[in-house]
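Below is one structure, written out as structure tokens; comments come after it.
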Amino acid sequence: MAVTSANDRVYNQSIERLRSPERLERLEVDRVADLCLNDGEVSTLLDVGTGSALFAETFFRAGVAVAGVDTNPEMIDAAKRHLPEGEFIVAPAEKLPFPDGSFDATFFGVVFHEVSDYAVALREAYRVSKRLTCILEWQHRQEEFGPPLEHRVTEEFIRTLAVSTGYRSFEAVPLRTLVLYMMRKGDR
């Protein structure tokens, strides 16, 4: 995988655009939340790269206690406005400010391709989660929307990271324009 500067991969458009109707449709937010919560074992979740808390809100409405981190203080402010019941902190994916096993699950909503160090970010997600990590990412193909192809990650790349991190199972669920990668720590 080609190495590019993390700043080259970071979302740099308006916060309001994160909630545009077109983007909401493309992200399949409700379907993604349902898939992540399907086994009924998630009551706490950390939204890594939470942005404006779009996914955190959906998880919260499903009865999950949520927290979120983002490197951008403006995103954290937006997250707090949209979901005052959540706990939102400025922090990078590579250094999550929570003790081991703090959450049932961790979630990356179309932000994993933006992290500075993929392996460290996934190890941190593994460390703070008890059961599950979900990564929603763009399919690895050139499209008119989303990041350029060279910033997208492949299924094989994420699978290799998951295995080397210690996850026991890996599932890729294709969506219309995205893929939801689900990695479990246990036997399920």
Which one, 52, 116, 164, has the greatest fluctuation when you compute a Gaussian network model over the chain with C-alpha springs under 10 angstrom?
164
P(r) for the chain: what percent of alpha-carbon pairs falls in each 5 Å bin, starting at zero?
1, 8, 18, 23, 24, 17, 7, 1, 0
Give me the one-decimal nm value for the distance between modelled label points at residue 159 and residue 24, 7 Å along each residue's Cα-to-Cβ direction.
3.5 nm
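If the chain between residue 119 and residue 80 were fully stretched, how many nm would it gain, using 0.36 nm times the residue separation less the Cα-Cα distance?
Net length gain for the segment: 11.2 nm.
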Extension length gain for residue 145 and residue 169 (0.36 nm per residue less Cα distance), in nm, is 5.6 nm
Highest-MSF residue in the chain out of 163, 29, 115 [GNM, Cα springs under 10 Å]:
163
Under 8 Å for C-alpha pairs, at least 6 residues apart: give me the relative contact order for the chain, rounded to a whole percent.
18 percent
Between residue 102 and residue 176, 0.36 nm times their residue separation minus their Cα-Cα distance comes to what?
23.4 nm
Go ahead and estimate [θ] at 222 nm for the chain from helices alone: -39,500 (n - 2.57) per DSSP H run with n ≥ 4, summed, over the residue count, rounded to 500.
-8500 deg cm²/dmol
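Bear in mind these aren't lab numbers, they're just calculated from the coordinates by the rules spelled out. The model shown is predicted, which means the values in this text are computed figures rather than measured ones. Please note: Cβ atoms are built from the backbone with ideal geometry, for glycine as well, and neighbour counts cover all protein chains shown.
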